[in-house]
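The values are calculated or read from the model by the stated rules, or taken from the named source; none is laboratory data. On a predicted model such as this, the values are computed, not experimentally measured, just so you know. Ideal geometry is used to build each Cβ from the backbone, glycine not excepted, and the neighbour counts take in all protein chains shown. Areas reflect the complete protein model, heavy atoms only, side chains present, ligands, DNA and RNA absent. Shrake-Rupley method; radii C 1.70, N 1.55, O 1.52, S 1.80 Å.
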Amino acid sequence: MEYANDKDFYPAPFPSSGLQTFDLQRISLAKLLNGDPQEGKRVFNIGSNDGFFYLDLTTHAKGLQILELAHKMHHIGKGVMENTPLEEKRTFPIRPAYVGLLDTGYKALCIDKDGNPDRLEMFNISQAGLFAGNEDYKLPPWLASHETIFRTMIRESNNIHNTILAILEPQLQIPTGSLTSLHRLTSPSGAWLRVLHYPATADGKPLPNPPTPPHKDAVSLAMLFAWQGGLQITPANNPNIADHEEEDPKDWYWVAPQPGCALINFGDAMSVLTNNVIKAGKHRVCSPPGEQCKYSRISVLTSARPAETTMMRPFKSPVIPQPAGNDDALTALQWGMEKVRKTLANVQRGNEKAAAEQIAKEKEAAARPQLLVASA
Ligand SMILES: O=C(O)CCC(=O)C(=O)O
Ligand SMILES: [Fe+2]
């Protein structure tokens, strides 16, 4: 693999011991594209259990193409995040607060005391913006020259997302096209291409709180390209963890990035559409482990989201239990807005907690020499 040893992508190795890691299954893209029934069954079983798998892209030319694009995206992401002034990045607006959807625009979650993005910054490119033709969508000057790559990355990712979704249809006993017709490239949907930048900490030590707190994605599925560690998952069927509870630290497992693979996880939209037959994988992102912590981390993420007019209720199928009670389903647009707003409120809470802890630490450090002087 051409990039496997490139220091830009792998500045330090993922620690080979001492971490609790989750050994995810590896699914072959070539087998999925060739309709291999066994591989399809494995995807369904993973979706019904933990909701995460490695997709081995090296097995097919289509996979190698998307890997190449992901590497280009990493390169572009690193360049623009490191070299574009904050005021300029901010000229790429997110949706207004009442819409909430984080499908477009630049966002810095924290700014440090010198005015630089801290913990996490990201930009999102809207799939519908580029392909649905329902809005006058323009990339800001600092991204516009890369539009062709963004378009290709979104189009090729959409093909892979739909390959995975198509494989679930017969196993969910729903008509062919039930899922893929909801995830067309050209439908208004809230789907995005995202680049995340986690700047290295000033002291090279891990942050006490994860910059991306625990969440399930408000999407049907997500395809993640990451070269440094940081992602942690907690098994979806873990009986110790209810959705609303804080996880015990021992329930989190590191996921080691695998060269040549993307990481796929199902999101909450799939758990709604299948009444939890397919489970959304819960995850968070911590500072990279070991020596990797000294280096900034870039990840590239694509998502499939149901077309915004989709009614968010379970498909009718003999293998999908039907909910009792009134049908008060939201459209995918309303549902997505609510989900994203809640996730962002969680992120905000996490950041405020982290900032308060930082201030307390600084106060304590500032008080220490005085104490020494006082006692001298
Ligand atoms: O940066 C990552 O590795 C994952 C980010 C993530 O989970 C998200 O944006 O939903
Ligand atoms: Fe996520």
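Worth a mention:
- The range 39-55 residues that are at positive phi and touching a residue at least 24 places away in the same chain (Cβ under 8 Å), paired with ones that are in a loop (DSSP other than H, G, I, E, B) and buried (at least 18 other Cβ atoms within 10 Å of the Cβ) (beta carbon under 7 Å, 6 or more apart): 51/236; 51/279; 51/280; 51/281
- Of the residues making up the range 116-150, those that are in contact (Cβ under 8 Å) with a residue 24 or more places away in the chain and in a loop (DSSP other than H, G, I, E, B) are 116, 132, 133, 134, 137, 139, 140, 146.
- Set 338, 352, 308: member being touching a helix residue (DSSP H, G or I) at 6+ places or on another chain (Cβ under 8 Å) and open to solvent by 40 Å² or more (accessible area, probe 1.4 Å): 308
- Scanning the range 155-178 for residues that are within 16 Å of residue 72 (Cβ to Cβ), open to solvent by 10 Å² or more (accessible area, probe 1.4 Å) and either over 19 Å from the mean Cα position of the chain (by Cα) or not acidic (Asp, Glu) (or both) turns up just one, 155.
- Filter result (more than 22 Å from the chain's Cα centre (by Cα) and surrounded by fewer than 17 Cβ atoms within 10 Å (Cβ to Cβ)) within the range 33-58: 34, 35, 36, 37, 38, 41
- Residues of the range 215-226 satisfying the condition of being within 10 Å of ligand 1 (Cβ to nearest atom) and either open to solvent by 10 Å² or more (accessible area, probe 1.4 Å) or assigned to a loop (DSSP other than H, G, I, E, B) (or both): 215, 216, 217, 218, 219, 224, 226
- Single residue of 30, 12, 70, 61 found to be crowded, with 18+ Cβ neighbours inside 10 Å and either within 19 Å of residue 260 (Cα to Cα) or out of contact with any strand residue (DSSP E or B) (no Cβ under 7 Å at 6 or more places or on another chain) (or both): 70
- Selection of the range 276-292 for residues being open to solvent by less than 40 Å² (accessible area, probe 1.4 Å) and under 19 Å from the mean Cα position of the chain (by Cα) yields 278, 280, 281, 282, 283, 285, 286, 287, 288, 289.
- A residue that is at pLDDT 95 or above, within 16 Å of ligand 2 (Cβ to nearest atom), buried (at least 23 other Cβ atoms within 10 Å of the Cβ) and in a loop (DSSP other than H, G, I, E, B) can be found somewhere in the range 191-208.
- Residues considered: 78, 113, 7. Of these, the only one that is in a helix (DSSP H, G or I) and among the basic types (Lys, Arg) is 78.
- Checked against (1) closer than 17 Å to residue 198 by Cβ; (2) crowded, with 21+ Cβ neighbours inside 10 Å; (3) more than 10 Å from ligand 1 (Cβ to nearest atom), residue 273 passes all but condition (1).
- Which numbered condition residue 325 fails, given (1) surrounded by fewer than 16 Cβ atoms within 10 Å (Cβ to Cβ); (2) in contact with a His (Cβ under 8 Å, 6 or more places away or on another chain): (2)
- Within the range 290-304, the residues that satisfy the criterion of being of a type outside the set (Ser, Thr, Tyr) and out of contact with any strand residue (DSSP E or B) (no Cβ under 8 Å at 6 or more places or on another chain) are 290, 291, 292, 293, 294.
For (1) exposed (fewer than 14 other Cβ atoms within 10 Å of the Cβ); (2) closer than 22 Å to residue 225 by Cβ, each residue gets a yes or a no:
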residue	(1), (2)
83	yes, yes
95	no, no
105	no, yes
121	no, yes
127	no, yes
133	yes, no
139	no, yes
144	yes, no
147	yes, yes
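- Residue 35 falls short on exactly one of the conditions (1) small (Gly, Ala, Ser); (2) assigned to a loop (DSSP other than H, G, I, E, B); (3) over 25 Å from residue 165 (Cβ atoms), and that condition is (3).
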